[in-house]
Amino acid sequence: MSSAFKFCPQCATPLEFITLLEDGGDKERLRCVACGYTHWNNPTPVLAAVVEYQGQILLAQNAAWPGKMFALITGFMEAAETPRGGIEREIKEETNLDASEINLIGVYDFQRMNQVIIAYHAVCHGEVKLSPELVDYRLYAFDQVKCWPSSTGYALADWLRTRGHEPEFIEWSKRG
């Protein structure tokens, strides 16, 4: 079990992996031996959107990503924000588009990043103006977009099936 979380945020004592009895049995977690703080390491909720724009799917390329990967619009929820309100805000911030319709696709685990993805379909309008977070975008016909074998790719695949399209998945080694 590894974690980037090393010190107690309350007293700065180094955290240690300690097993204690919790609901459901013994659980090893990073804990502070000085003050009793527990680092729960719960998954972070992340929002994602299959953006439907001009009758096509908009996928974007993040400035921080290597290669030419294009994916759904994603972002973190803000405090006191609903998931639906958060994805509407993220779409506006990242693409300048307004959503006229937002519907939940599903919830997906992304264990590699310790995240839970809450995915929506959003019908959007306006003029695309990318935030500095994104470097490019592409529009894909529903029957031409390829899904990726990860949480947001599964969300896109599930949404495509609701539109009568059997999704095709790319292999990670073939992206770019």
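The values are calculated or read from the model by the stated rules, or taken from the named source; none is laboratory data. Small disclaimer: the values here were computed from a predicted structure and weren't measured. Cβ atoms come from the backbone with ideal geometry, glycine included; neighbour counts cover every protein chain shown.
In table form, for the structure just shown:
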read-out: Yes/no for VAL135 being in contact with a Ser or Thr (Cβ under 9 Å, 6 or more places away or on another chain) and not in a helix (DSSP H, G or I); value: no
read-out: Residue within the stretch 24-39 that is surrounded by 10 or more Cβ atoms within 10 Å (Cβ to Cβ), touching a residue at least 24 places away in the same chain (Cβ under 8 Å), among the charged types (D, E, K, R) and in the same structural domain as TRP159 (by TED's automatic domain parsing) present; value: no
read-out: Residue check, TYR108 in contact with a strand residue (DSSP E or B) (Cβ under 9 Å, 6 or more places away or on another chain), part of a strand (DSSP E or B) and more than 17 Å from GLN56 (Cβ to Cβ); value: yes
read-out: Search result, residues across the stretch 50-88 that are charged (D, E, K, R), in contact (Cβ under 8 Å) with a residue 12 or more places away in the chain and not in a strand (DSSP E or B); value: LYS68, ARG84, GLU88
read-out: Selection count, the stretch 149-168, where residues are at pLDDT 95 or above, surrounded by 15 or more Cβ atoms within 10 Å (Cβ to Cβ) and not in a helix (DSSP H, G or I); value: 2
